[in-house]
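Each remark here refers to the structure printed beneath this line.
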2 protein chains.
Amino acid sequence: MKVTIYEVAKEAGVSTATVSKVINNTGNMREETRKRVLSVIKEMNYQPNLVASALTGKGTQTLGLLVPDISNPFFSAMARQIEDYADAQGMSVIMCSMDGNIEKERKYIELLRRKQVDGFIIASSFQDTNLLKDIINQGFPIVMLAYDDSTIEVSKVTIDDFKGGYEAASHLYAKGHRNMAIIAEHTNSSNLRIYGYRVALEGRGIEFLDENVYRTTASIDNGKASFDEIFQKENEGSPTAIFACNDLLAIGVIQGATERGMNIPGDLAIIGFDNTILATTTVPGLTTISQPIAEMAEKTVELIITEIKQKKKVVKRVLFNPELISRGTT
Amino acid sequence: MKVTIYEVAKEAGVSTATVSKVINNTGNMREETRKRVLSVIKEMNYQPNLVASALTGKGTQTLGLLVPDISNPFFSAMARQIEDYADAQGMSVIMCSMDGNIEKERKYIELLRRKQVDGFIIASSFQDTNLLKDIINQGFPIVMLAYDDSTIEVSKVTIDDFKGGYEAASHLYAKGHRNMAIIAEHTNSSNLRIYGYRVALEGRGIEFLDENVYRTTASIDNGKASFDEIFQKENEGSPTAIFACNDLLAIGVIQGATERGMNIPGDLAIIGFDNTILATTTVPGLTTISQPIAEMAEKTVELIITEIKQKKKVVKRVLFNPELISRGTT
DNA sequence: TTGAAAGCGCTAACAG
DNA sequence: CTGTTAGCGCTTTCAA
């Protein structure tokens with residue numbers, strides 16, 4: 001049988017209240033008593049039952065992390081950092097991959113609610129924002145990470161997507177490119193990146209053409225498909241550079257270009273976004289826009305924990321700076 | 001205020017016992033009663049508190065997943081599958097990255113114990129096996145995934161590492177290589193892979209030399225460092241092929257070789273292990289030995305859940321077959 | 001078919 | 001400084 005606070009109390013010759021106090025370092029008591037209880041705890045290898053403790057109102061010390069797909073290197077890198085910072089605060093994290101699927105979103109949100117998680121971290125995107133609004137109304141702390149939906153009033157930690165797009169375009173321009181295409185997702189952040197890219201180009205007198213924007217969803221295969229689409233218009237005006245809104249897409253482009261025997265960056269320059277591990281494994285290495293994942297994760301955890309502790313809603317926006325990592329593809 | 005089973009009971013004009021029965025689909029009752037309770041539940045948007053339910057003895061419906069590092073693509077792929085299969089059984093998973101760090105192992109194990117997880121999945125490796133033995137003795141269900149330590153008596157789901165090594169060597173031999181090196185980790189599974197590799201070579205009359213085995217830990221940088229080590233012996237007998245015991249190491253080798261201007265696979269053939277997403281992003285693609293991650297994850301979840309439900313230890317060993325995925329590096 | 005009531009293990013007034 | 005006790009929200013006999 002598992003040892004409970006009662007056994008410890010009896011063995012130490014005190015009440016459960018006293019034991020509870022030493023566990024939680026609350027209240028005062030004679031040093032001698034504390035010592036004795038402590039030694040009994042150790043001797044019996046007593047492990048407080050956090051479920052019972054949670055039931056009395058002290059939270060579950062667990063966070064729900066909702067990402068599109070934990071097996072995507074960008075999110076797993078993010079998850080890892082979140083795990084570390086959360087753990088440093090005594091919090092565990094339950095991971096949930098949504099796959100952009102509304103049904104999964106509903107199921108997971110409900111499950112986490114029932115499990116009484118202390119807060120939610122929503123990363124990157126979410127389809128059914130009404131679900132989010134519901135839990136916000138129910139008073140659950142939420143922080144959005146790398147995801148900005150202005151209709152949702154919660155703290156948000158994001159990168160400056162506009163600036164990222166601007167820098168990508170500026171970099172390509174500096175390398176001499178005048179005709180470029182962009183492969184983007186159907187997301188808010190992609191839109192901002194496109195906008196930054198556009199402003200950078202127009203500021204340099206280059207016309208921005210909507211037809212040079214290709215939309216798809218993040219995957220290597222889709223990147224390759226977009227590449228094919230771009231280059232099957234066998235016209236003379238093919239772009240000399242492509243800005244992909246994430247590394248996965250950029251790698252698809254690299255693969256497509258390589259298959260066609262194109263030289264990178266000679267025939268085609270490529271720049272990605274996110275600076276995932278994948279950007280370091282290609283040959284040549286992928287030039288990309290880096291997000292400071294660790295700092296973003298740290299800030300996210302800090303915000304959510306603050307909100308949990310204060311037991312009142314806080315709404316802050318924290319914006320991080322993107323950084324261009326120049327490698328071989330440009 | 002959150003709505004509890006009491007409010008529901010009162011509103012429906014029944015006792016909490018009855019509400020509990022309809023939630024859990026237990027006991028019998030008039031259909032009309034059930035209907036009425038159900039409608040009140042819906043109308044009040046009642047969400048049963050799983051923490052309270054856990055306290056009464058019905059488990060927490062959560063699993064602890066202990067991996068070396070969730071940001072490593074192999075483990076994040078694994079985690080994703082485990083999450084899916086666990087969720088299908090109504091279980092959540094708390095992720096924990098150990099980093100091969102004994103202190104973290106101790107902390108996480110203790111935390112998960114206190115949180116009353118229903119079971120543990122230990123993936124790939126673990127330093128302090130005594131911790132494992134302790135929780136086994138305390139009756140916690142455990143399954144080991146892609147990790148075989150014969151001193152620990154629990155269910156295990158692994159790949160046939162011997163066969164994987166054997167096939168890697170056979171493949172290289174078939175491609176005409178006679179002088180090869182192997183980069184391995186300090187793990188049991190690496191040892192088995194080396195052994196399979198050795199048997200394959202010796203069976204073909206090739207002498208196996210211990211000096212051709214390089215040991216390190218999994219990372220791209222270490223792979224590159226091992227490559228350098230192999231080729232800095234500027235002797236004439238440099239290997240024409242390298243078998244790396246995982247994709248990360250293999251990619252380090254690709255990078256090292258590329259930097260030296262070597263042609264792959266012309267000057268050097270490379271084969272990895274795991275078939276992670278990284279193997280698809282290199283150019284040329286990395287030939288590697290694939291582990292059936294989805295099936296392994298499914299089996300793992302099945303075993304742990306069976307053990308949890310039966311409330312008694314079961315010890316099974318499930319072995320999966322590796323598969324050679326031939327790409328451009330050989 | 002339904003309900004009363006005793007827990008599950010811990011916490012937090014409150015009293016002594 | 002320490003203990004008594006009433007919950008936290010749900011489940012589960014056992015009676016009725």
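Every number here is computed from the coordinates shown, using simple stated rules; none is lab data. The structure displayed is predicted, hence computed values, not measured ones. Backbone-built Cβ (ideal geometry, glycine too); neighbour counts: all protein chains shown.
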Largest-first ellipsoid semi-axes for chain A, taking √(5λ) over the Cα gyration tensor eigenvalues, angstrom: 51, 19, 17
CD proxy at 222 nm, helix term only [per DSSP H run n ≥ 4: -39500 (n - 2.57); per residue of the protein assembly as shown; nearest 500]: -14500 deg cm²/dmol
Cβ crowding within 10 Å averaged over residues, with B:238-249, A:209-220 ranked highest first: B:238-249, A:209-220
Whole-number D in µm²/s for region A:270-330 (Stokes-Einstein; Kirkwood sum over Cα pairs; 37 °C, 0.692 mPa s): 245
Average beta-carbon neighbours from other chains, 10 Å sphere, peptide B:68-79: 6
Chain B Cβ-axis minimum, rotational copy A, residue and distance in Å: B:SER76, 2
Region A:28-86 - charge dipole about Cα centre, Lys and Arg +1 at Cβ, Asp and Glu -1, debye rounded to 20: 380
Peptide A:275-285 - average C-beta neighbours from other chains (10 Å radius): 6
Chain B - share of DSSP beta bridges that are antiparallel (%, nearest 5): 10
Over 26 Å (Cα to Cα) - which of B:LYS175/B:LYS316; B:LYS107/B:LYS156; A:LYS107/B:LYS156; A:LYS312/B:LYS58 fall in this group: B:LYS175/B:LYS316; A:LYS107/B:LYS156; A:LYS312/B:LYS58
Measure of compaction for region A:148-213 (Cα Rg per 2.2 N^0.38 Å): 1.20
Candidates B:ILE23, B:ILE159, B:ILE182: whichever shows maximal mean-square fluctuation once chain B is modelled as a Gaussian network with Cα springs under 10 Å: B:ILE23
Convex hull (Cα only) mean projected area of region A:28-103, reported in nm² to one decimal: 8.0
Using distinct alpha-carbon pairs, which all enter the 1/r mean, Kirkwood radius of the protein assembly as shown in Å: 27.3
Rg ratio (alpha-carbon, reference 2.2 N^0.38 Å) - region B:5-48: 0.97
Convex hull per residue volume in Å³, alpha carbons only, for region B:64-209: 127
Chain B: most fluctuating residue of B:THR280, B:THR56, B:THR33 per GNM, C-alpha cutoff 10 Å: B:THR33
Kirkwood Rh (inverse of mean 1/r, distinct Cα pairs), region A:111-179, angstrom: 14.3
Semi-axis lengths (Å, descending) of the ellipsoid that matches the C-alpha gyration tensor of region B:53-94: 24, 11, 5
Within a Gaussian network of chain A (alpha carbon springs, distance under 10 Å), most fluctuating of A:ASP274, A:ASP160, A:ASP99: A:ASP99
Partner chain coverage, peptide B:41-48 - average Cβ within 10 angstrom: 1
For region B:161-290, radius of gyration divided by Kirkwood radius, i.e. Rg to Rh on alpha-carbons: 0.92
